[in-house]
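*Asks:* The structure is given below, and queries will be raised subsequently.
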């Protein structure tokens, strides 16, 4: 298990990598002033997460979800039961979530907070019907919407490559220096900036919706190998 730590004035972002069957990345946001913690997409190891938060002297009060897929949510109910944490998810994701506990819903540009730490919701449907990203002080927690030099599939219920194209076009408007943090470590580096992704992520290099759909649904999976590395626009369009 690998981890990285990003310290800021008001919060610390800690990320655990390669956890569980699908080697998920789990994100912890520790708010310094309130001593509260939010965990993003908790799966596989509920007690490990509880112990980690307690060891740091914090209280787990919030669970923030990017999307419904079980490899990102299979520890949610256990965590909510043991800690009383509030679960937050995109409003259009609720029909797909099979959770026993209540869900607080959010929409595009809503703000979610723990203590003095705020995160802005960015609606990014396409990988799922109601997928969202969390943008906070120079960091984007993207779940499976965007990977380092890759992006999520659109084949499970609620997925749509056409809708996904528009979501990724929206992410291209984010600052170049914003750090990208993903739901899985599939890239040639464990983290990246949005500027690097705009230059080398094939899904952000395609400007036409029809080309994007064809690439996502018919070309990408047979033409890339892991770990995924940067591509040029000419390399991408040569495949189309």
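*Asks:* Taking the range 194-240 only, how many residues are under 21 Å from residue 127 (Cα atoms) and either touching a strand residue (DSSP E or B) at 6+ places or on another chain (Cβ under 6 Å) or not in a loop (DSSP other than H, G, I, E, B) (or both)?
*Replies:* Looking only at that region, the number is 26.
*Asks:* Moving on. Answer yes or no as to whether residue 109 is within 22 Å of residue 174 (Cβ to Cβ), surrounded by fewer than 19 Cβ atoms within 10 Å (Cβ to Cβ) and touching a strand residue (DSSP E or B) at 6+ places or on another chain (Cβ under 8 Å). Write out each step before concluding.
*Replies:* Working: within 22 Å of residue 174 (Cβ to Cβ): yes; surrounded by fewer than 19 Cβ atoms within 10 Å (Cβ to Cβ): yes; touching a strand residue (DSSP E or B) at 6+ places or on another chain (Cβ under 8 Å): yes.
Criteria met by residue 109.
*Asks:* Next up: Of the residues that make up the range 24-46, is at least one touching a strand residue (DSSP E or B) at 6+ places or on another chain (Cβ under 8 Å) and without any contact (Cβ under 8 Å) to a residue 24 or more places away in the chain?
*Replies:* yes
*Asks:* If you don't mind, another one. Considering each residue of the range 82-101, count those that are in contact with a helix residue (DSSP H, G or I) (Cβ under 9 Å, 6 or more places away or on another chain) and modelled with pLDDT of 95 or more, and give that number.
*Replies:* Count: 9.
*Asks:* Please specify each residue of the range 85-106 satisfying the condition of being assigned to a loop (DSSP other than H, G, I, E, B) and within 27 Å of residue 6 (Cβ to Cβ).
*Replies:* Of everything in the range 85-106, just one residue is assigned to a loop (DSSP other than H, G, I, E, B) and within 27 Å of residue 6 (Cβ to Cβ), namely 85.
*Asks:* A further question on this structure: Go through (1) under 28 Å from residue 190 (Cβ atoms); (2) without any contact (Cβ under 8 Å) to a residue 60 or more places away in the chain; (3) touching a strand residue (DSSP E or B) at 6+ places or on another chain (Cβ under 8 Å) for residue 57 and report which single condition fails.
*Replies:* (3)
*Asks:* Kindly list, by first and then second residue, each pair from a residue in the range 104-116 that is in contact (Cβ under 8 Å) with a residue 40 or more places away in the chain and on the phi > 0 side of the Ramachandran plot to a residue that is part of a loop (DSSP other than H, G, I, E, B) and surrounded by 13 or more Cβ atoms within 10 Å (Cβ to Cβ), limited to pairs with Cβ atoms under 6 Å and residues at least 6 apart or on different chains.
*Replies:* Correct list of pairs: 115/34.
*Asks:* If we keep just the residues of the range 112-132 that are in a loop (DSSP other than H, G, I, E, B) and out of contact with any helix residue (DSSP H, G or I) (no Cβ under 8 Å at 6 or more places or on another chain), which is surrounded by the most Cβ atoms within 10 Å (Cβ to Cβ)?
*Replies:* If we filter the range 112-132 for residues that are in a loop (DSSP other than H, G, I, E, B), which is where we start, we get 115-116, 124-131.
Then keep just the ones that are out of contact with any helix residue (DSSP H, G or I) (no Cβ under 8 Å at 6 or more places or on another chain); that gives 115-116.
Working: 115: 18, 116: 13.
Residue satisfying both the conditions and the ranking: 115.
*Asks:* Additional query: Looking for something touching a residue at least 60 places away in the same chain (Cβ under 8 Å), within 18 Å of residue 73 (Cα to Cα) and in contact with a strand residue (DSSP E or B) (Cβ under 9 Å, 6 or more places away or on another chain) - is there at least one such residue anywhere in the range 185-193?
*Replies:* yes
The values are calculated or read from the model by the stated rules, or taken from the named source; none is laboratory data. Source: prediction; values computed, not measured. Positions of Cβ are backbone-derived with ideal geometry, glycine not excepted, and every protein chain shown enters the neighbour counts.
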